[in-house]
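Just below is one structure, and these are the notes that go with it.
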Amino acid sequence: MFDYIKYLTAAVMSVIAVWRFPAVRYADAHRRALWGGYAGFAVALWLYTPAAMDAVDRIPVVDLSALLRHFASTAAIMAALTYVATSYGKSSGTVVPRHVAVSRRIARASYGVGAIGVTLLTVLFFTVVDRDKPSRNFLIDHAGQWGVAVYMTVFYFFPLITTAVCGYQWTRAARQAESASMRVGLGLMGLSMWMGLTHTAARIGIVWAAVAFPLSASTVQLLVDATSIWMNLLFLIVAVGASIPTTRAAAARWKAWRTLYATYPLWFDLVDAFPGTSLYPPGRRLAELMHIRVPIDVRLDRWTQDIADACEKLRYYAPRDLMFAAEDITASHPDPEPAAEAYWIKAALQAADAVPVNPYSAAILREKPFVDTDSEAAWLARVSAAYSHITTDQARELLVYSSEMESDSGR
């Protein structure tokens, strides 16, 4: 059962790391540092699982998995310190609060201290740690050995400092957060760090108690397993706390993705008819929706502008009465206004293939009082939904009807 908890915790932390991966390309330095923390802890947690340990044990270095997960944890800890110092350590004015200054100094020193720590861990691992035979649980199997106690104390120095700094900063930030989601999320992350501080202190006490006093193997296993469950619980709390503030952003990205999906038929036909309107040639729907050249909100803004630019060019090909004709035939449509614009675009694209551009005459296209890009994109999604159901024959019939209306008005 305990092994399943290990896999669950590693999988959850991996999902968070994948979710936050766009920060590597698009976000600022402190968000990239946060992703580095999640990714490092995900690697470390996977190295705690039996499957990963068995795979690493095939390398002819006894207990290498323990050293690797300590390396991964140390890297993640330094990333977390950088994130806290750069995101919650900002201040305006000339007076820098003491806790901000301390966090910044610790973060700046963490890289040099981390390099020294990793080097020291490596030296201790290959010199004072008794590794005559492989261990299934590094702490339990090496309990009572002073070399392992020294090695683990060096390793636990980093999480001891980090959990104290992160716990203080996240708890303080939670009290000052404006939104409820941020207060809850930061509060949970602060709680997890205080749990991490307790876990680290308990582990240091266990390894040295096993050296100083003759603890039985069952007692050591009970204590180590209890602190391991505590550790996995705190990482799950970290995952929940990190996810709560980003649910709104995730919902916005999903909404933008659905809008892109719905708008694609309209966007493709327009930018295909007017090459150069888009910054790059249009591709297939799946390829357009899956690539990560630019953030999804920026792509949606570009597509909206591409459609507007193409429709402006289309006005010089469309018959002048085409919109009036489109409004007539869509009067009974369930969503008449976007349907009328969809018919106008479909028919105007056919007209653009048949007639030359008229620079002195521009057809009417109704103006919409959009307040932002989101409202315009939502409108275009409705237009595209109607556009997708209009056949070539229906567009041709609309052009004929428009010509008849123009002839009647000229009499």
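The values are calculated or read from the model by the stated rules, or taken from the named source; none is laboratory data. Being a predicted model, the structure only gives us computed values, none of them experimental. Every residue, glycine among them, receives a Cβ derived from its backbone with ideal geometry; neighbour counts consider all protein chains shown. The protein model used for the area step is the full one, side chains on, heavy atoms only, and it has no ligands, DNA or RNA in it. Shrake-Rupley method; radii C 1.70, N 1.55, O 1.52, S 1.80 Å.
Scanning segment 215-233 for residues that are open to solvent by 70 Å² or more (accessible area, probe 1.4 Å), farther than 19 Å from residue 153 by Cα and in contact (Cβ under 8 Å) with a residue 40 or more places away in the chain yields 217, 229. Of all residues in segment 346-357, those being buried (at least 20 other Cβ atoms within 10 Å of the Cβ) and charged (D, E, K, R) number 1.
Considering only segment 279-306, how many residues are touching a Leu at 6+ places or on another chain (Cβ under 8 Å), within 15 Å of residue 373 (Cα to Cα) and of a type outside the set (A, V, I, L, M)?
Within segment 279-306, the subset touching a Leu at 6+ places or on another chain (Cβ under 8 Å) is 288-289, 296, 299-300, 302-304, 306.
So of that shortlist, the ones also within 15 Å of residue 373 (Cα to Cα) come out as 296, 299-300, 302-304, 306.
If we keep only those that are of a type outside the set (A, V, I, L, M) as well, we get 299, 302-304, 306.
Residues flagged as touching a Leu at 6+ places or on another chain (Cβ under 8 Å), within 15 Å of residue 373 (Cα to Cα) and of a type outside the set (A, V, I, L, M) within segment 279-306 amount to 5.
Checked against (1) at pLDDT 80 or above; (2) of a type in the set (Ser, Thr, Tyr); (3) under 27 Å from residue 251 (Cα atoms), residue 4 passes all but condition (3). The set of residues in segment 77-101 that are in a helix (DSSP H, G or I) and either modelled with pLDDT under 65 or surrounded by fewer than 16 Cβ atoms within 10 Å (Cβ to Cβ) (or both) comprises 98, 99, 101.
Return a yes/no flag: does segment 241-259 have any residue that is closer than 23 Å to residue 343 by Cα and either without any contact (Cβ under 8 Å) to a residue 40 or more places away in the chain or assigned to a helix (DSSP H, G or I) (or both). Write out each step before concluding.
Keep residues of segment 241-259 that are closer than 23 Å to residue 343 by Cα, which gives 258-259.
Next, from what is left, pick out any that are either without any contact (Cβ under 8 Å) to a residue 40 or more places away in the chain or assigned to a helix (DSSP H, G or I) (or both): 258-259.
Checking segment 241-259: at least one residue is closer than 23 Å to residue 343 by Cα and either without any contact (Cβ under 8 Å) to a residue 40 or more places away in the chain or assigned to a helix (DSSP H, G or I) (or both).
For residue 252, are the conditions met, namely being touching a helix residue (DSSP H, G or I) at 6+ places or on another chain (Cβ under 6 Å) and open to solvent by 30 Å² or more (accessible area, probe 1.4 Å)? So residue 252 does not fit the description; no.
Looking across segment 392-411, the residues that are open to solvent by 70 Å² or more (accessible area, probe 1.4 Å) and either at pLDDT below 75 or assigned to a loop (DSSP other than H, G, I, E, B) (or both) come down to 406, 408, 409, 411.
For residue 58, indicate whether it is of a type in the set (D, E, K, R) and at pLDDT 85 or above.
Working: of a type in the set (D, E, K, R): yes; at pLDDT 85 or above: yes.
Spelling it out, residue 58 is indeed of a type in the set (D, E, K, R) and at pLDDT 85 or above.
For residue 69, the stated conditions hold: it is at pLDDT 85 or above, closer than 19 Å to residue 114 by Cα and either assigned to a loop (DSSP other than H, G, I, E, B) or among the basic types (Lys, Arg) (or both). Across segment 205-234, the number of residues qualifying as within 35 Å of the chain's Cα centre (by Cα) and of a type in the set (A, V, I, L, M) comes to 6.
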